[in-house]
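What follows is a set of notes on a single structure, which appears directly below.
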Amino acid sequence: MKKLLVTGGAGFIGGNFVYYMLENYPETKLVCLDALTYAGNLETLKGAFGNPNFKFVKGDITDRKFIYELFEKENFDTVVNFAAESHVDRSIEEPEVFLKTNILGTQVLLDACNKYSVPRFHQVSTDEVYGDLPLDRPDLMFTEDTPIHTSSPYSASKASADLLVLAYHRTFGTPVTVSRCSNNYGPYQFPEKLIPLMIANATHGKALPVYGEGLNVRDWLYVEDHCRAIAMILDNGRIGEVYNIGGHNERANIQVVKTIIKALGKSEDLITYVKDRPGHDRRYAIDPKKISNELGWQPLTLFDEGIEKTIRWYVENSGWWENILNGSYRSYTEEMFT
Ligand code: NAD
Ligand code: TYD
């Protein structure tokens, strides 16, 4: 059986990836490593505990001694690095932890892969490393050759990590792949990000804070499509290559917010335009030709269907996000480790 390390698996995409792999790769054992920062939530993994192919380990990717001990003990075939500080607004308030986790943490994992000869390291990156595109040029999209041109401390830290990953490949021959995905949405996303925040606030009849004029555009991908793309890269991706992932689902923020309001039967009066985010990227749009042509990946869930499924999930699983809003998800996590 193969053994795969998933870092950041108690977060949004990592958690969805754990479920995707357990369901679709029954011959793979997963070790999920997570530091359980504010964004990590063991309730997300409730359905994985008890599966004989799943094990959870609490730990920090920047802790070199701990990581080396784990690698020594587990003998991984593959490492997939989701662990990161992931929220742009927080990176503007407090950049340092982004640099520490996203850059230095990645370096520790790369060193561990070299030291213990791990056959594959996959870095989960973002389209935000390419900066942004103008709103009036819908013909432009990010390809893998688009220059790195970052706007926020978050994207700068992710771009630094990507460069390090590719440099380790060139210098040390580390067997790496990198994927750069557009904005994800779906179950288990922390309610600080646009879609879950708007669903939570609208449910409670609270104001919906839209930055600037709400005209910034994001290219939304249903999280399961992202997970499947990563699995396909692990299976057949070429070592040393970068793959963009996105499904041509561009929407202006205000359109997304209005879709949520309508689905929940709320009033547009809840929309509150607030001060814009400093350095706010205008538009992201992915050209996914490379992954489509080379690996045959296609998104299976288009935005209209995915947003409906997502809203339904948040309505039916309100306990999951209410526990985050009232803070009790932290005590659940603490109980598991005392
Ligand atoms: P998230 O914030 O929901 O989850 C991050 C997880 O990493 C949390 O469980 C957290 O506890 C853990 N973590 C943080 N610091 C750690 C550390 N030092 N050691 C171990 N674990 C640590 O993030 P997400 O949205 O699931 O994003 C996952 C990855 O995907 C990130 O690398 C992000 O850059 C990338 N990505 C996200 C999106 C998106 O739309 N959310 C899009 C493209 C790429
Ligand atoms: P976000 O979910 O933070 O993802 P990212 O900044 O990484 O794309 O934000 C998505 C878009 O929504 C972005 O243009 C900022 C905007 N936004 C708001 O208008 N209001 C909010 O409260 C949040 C969190 C985001």
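The values are calculated or read from the model by the stated rules, or taken from the named source; none is laboratory data. What you see is a predicted model; the values in this text were computed from it and never measured. Please note: Cβ atoms are built from the backbone with ideal geometry, for glycine as well, and neighbour counts cover all protein chains shown. Just the protein is used for accessible areas: all its heavy atoms, side chains included, with ligands, DNA and RNA removed. Shrake-Rupley method; radii C 1.70, N 1.55, O 1.52, S 1.80 Å.
The table below lists the values:
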{"read-out": "Calculated over the stretch 2-336: convex hull of Cα atoms, volume per residue (Å³)", "value": "127 Å³"}
{"read-out": "Length-normalised contact order of the stretch 3-143 in % [C-alpha pairs under 8 Å, at least 6 apart]", "value": "25 percent"}
{"read-out": "For the chain: relative contact order, % (alpha-carbon pairs under 8 angstrom, 6 or more apart)", "value": "19 percent"}
{"read-out": "For a label point 7 Å along the Cα-to-beta-carbon line of Ile148, residues of the stretch 215-253 with backbone N under 19 Å", "value": "239-245"}
{"read-out": "FRET E, pair Lys289, Ile92, Förster distance 35 Å, beta-carbon r, rounded to 0.05", "value": "0.60"}
{"read-out": "Per residue accessible area of the chain, 1.4 Å probe, in Å²", "value": "43 Å²"}
{"read-out": "Computed magnitude of the charge dipole of the stretch 1-159 (debye, nearest 20; Cβ of K, R +1, Cβ of D, E -1)", "value": "800 debye"}
{"read-out": "Rg/Rg_ref, the stretch 1-109, where Rg_ref = 2.2 N^0.38 Å and atoms are Cα", "value": "1.05"}
{"read-out": "Relative contact order of the stretch 118-188, pairs being alpha-carbon contacts under 8 Å that are 6 or more residues apart, as %", "value": "50 percent"}
{"read-out": "With DNA, RNA and ligands ignored, accessible area of Lys29 (1.4 Å probe; Å², nearest 10)", "value": "70 Å²"}
{"read-out": "Long pairs among Lys206/Lys275; Lys158/Lys275; Lys65/Lys100; Lys58/Lys100; Lys100/Lys289, criterion Cα-Cα beyond 21 Å", "value": "Lys158/Lys275; Lys100/Lys289"}
{"read-out": "Overall form of the stretch 1-63 per C-alpha gyration tensor (a/c, 1.5; a/b vs b/c)", "value": "prolate"}
{"read-out": "Unit charges at the beta carbon, dipole of the chain: most positive-side option, Pro138, Asn75, Ile324", "value": "Asn75"}
{"read-out": "Rounded Å value of the spacing that divides the Cα centres of the stretch 143-169 and the stretch 1-28", "value": "24 Å"}
{"read-out": "The stretch 51-109 and the stretch 179-256: distance between their alpha carbon centers, rounded to Å", "value": "21 Å"}
{"read-out": "Sequence-distant aspartates and glutamates (8 or more away, or on other chains) whose Cα lies within less than 12 Å of Lys290", "value": "Glu144, Asp145, Glu241"}
{"read-out": "Dipole of the chain [Lys/Arg +1, Asp/Glu -1 at C-beta], most positive-end residue of Tyr273, Pro187, Leu215", "value": "Pro187"}
{"read-out": "Accessible area of the stretch 2-336 belonging to carbon and sulfur atoms, whole % at 1.4 Å probe", "value": "50 percent"}
{"read-out": "With all protein chains modelled, accessible area of Ser160 [1.4 Å, Å²]", "value": "40 Å²"}
